Amino acid sequence: MKSSSTCGQEVRAHELDELLERVWTLREQGKNEVTDLLSITPIEDGKLWLQQLQTLGLVTLLQNTVKMTKEGEREAEQILRRHRLAERLFADVFLTSEEVWEREACELEHQSVLTEEAVSAVCAFLGHPPTCPHGRPIPRGACCSHFQKEIKPFVIPLTEAALADHYQIVFMTPKSHAPLDRLATLGIHPGGEIRVTQRRPSFVVRVGETDVALDKSLAQDIFVKQIS
């Protein structure tokens with residue numbers, strides 16, 4: 001059993017991580033107001049925790065704005081990377097419900113048991129996903145830039161799928177919603193099955209009994225996992 005002082009330190013670290021994560025998330029929405037931050041932060045004494053982040057050199061506060069320091073950026077990036085990769089792992093590999101993968105991701109987010117090497121291994125196993133199940137960007141790691149091949153990815157871009165093998169679409173990340181709507185009318189959507197039947201001169205996939213020609217740049221935004 002941990003001592004009460006150790007447990008207190010863990011709670012403290014958990015609250016600070018949560019708040020720093022929300023500063024990052026708020027910035028993704030183009031906001032940096034303290035009032036907005038506290039309105040989406042279910043943490044008691046949020047202002048005190050925010051002042052603690054400033055004391056630790058992780059954020060700077062000026063009137064009603066909050067901004068991460070370089071050290072805060074590094075800390076938040078690691079937290080969000082663990083969290084969003086964990087969401088992908090529990091959603092796409094373990095096929096758990098959103099309630100479960102949200103809860104488990106929150107637990108892993110604040111654990112020190114996952115080393116940077118372990119996080120990189122999970123990232124490589126998942127095929128270096130660009131977004132979490134909510135569509136939010138996953139901070140890139142060093143493993144993403146040189147794409148480790150030592151670990152066979154569980155999820156891969158459709159362009160890397162073997163000819164004729166059967167795959168299930170895990171997620172899609174086109175730059176706009178228009179391609180999603182067009183693909184949906186063709187039966188191409190997360191959870192659906194798909195096969196690559198031709199690569200040249202055009203990229204062709206089979207959905208059900210229908211052959212569909214896809215622009216290769218669009219096929220790169222469709223991520224799949226192999227099925228029996």
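Structure data summary
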quantity	calculated
Tally of residues being of a type outside the set (A, V, I, L, M, F, W, C) and more than 23 Å from V93 (Cβ to Cβ) across the range 175-201	13
Residues of the range 49-93 that turn out to be under 19 Å from H128 (Cβ atoms) and among the aromatic types (F, W, Y), as a count	1
Failed item in (1) modelled with pLDDT under 90; (2) loosely packed, with under 13 Cβ neighbours inside 10 Å, with E209 passing the rest	(1)
Leading residue by the ranking (surrounded by the most Cβ atoms within 10 Å (Cβ to Cβ)) among those in the range 49-94 that are among the β-branched types (V, I, T) and part of a helix (DSSP H, G or I)	I79
Unique match (being closer than 20 Å to V155 by Cα and not hydrophobic (A, V, I, L, M, F, W, C)) among S217, S202	S217
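This table checks each residue for (1) more than 19 Å from the chain's Cα centre (by Cα); (2) under 22 Å from E28 (Cβ atoms); (3) charged (D, E, K, R).
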position: C132; (1), (2), (3): no, yes, no
position: R136; (1), (2), (3): no, yes, yes
position: S145; (1), (2), (3): no, yes, no
position: F154; (1), (2), (3): no, no, no
position: L163; (1), (2), (3): yes, no, no
position: I169; (1), (2), (3): no, no, no
position: T173; (1), (2), (3): no, yes, no
position: T185; (1), (2), (3): yes, no, no
position: G191; (1), (2), (3): no, no, no
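So that you can scan it fast, the table gives a plain yes or no per residue for (1) surrounded by fewer than 16 Cβ atoms within 10 Å (Cβ to Cβ); (2) assigned by TED's automatic domain parsing to the domain that holds L85; (3) farther than 26 Å from L85 by Cα; (4) aliphatic (A, V, I, L, M):
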{"site": "F125", "(1), (2), (3), (4)": "no, yes, no, no"}
{"site": "H128", "(1), (2), (3), (4)": "no, yes, no, no"}
{"site": "R140", "(1), (2), (3), (4)": "yes, yes, no, no"}
{"site": "I169", "(1), (2), (3), (4)": "no, no, no, yes"}
{"site": "S176", "(1), (2), (3), (4)": "yes, no, no, no"}
{"site": "G187", "(1), (2), (3), (4)": "yes, no, yes, no"}
{"site": "E193", "(1), (2), (3), (4)": "yes, no, no, no"}
{"site": "R200", "(1), (2), (3), (4)": "yes, no, yes, no"}
{"site": "D215", "(1), (2), (3), (4)": "yes, no, yes, no"}
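The values are calculated or read from the model by the stated rules, or taken from the named source; none is laboratory data. What you see is a predicted model; the values in this text were computed from it and never measured. Cβ sites come from the backbone with ideal geometry, for glycine too, and all protein chains shown count toward neighbours.
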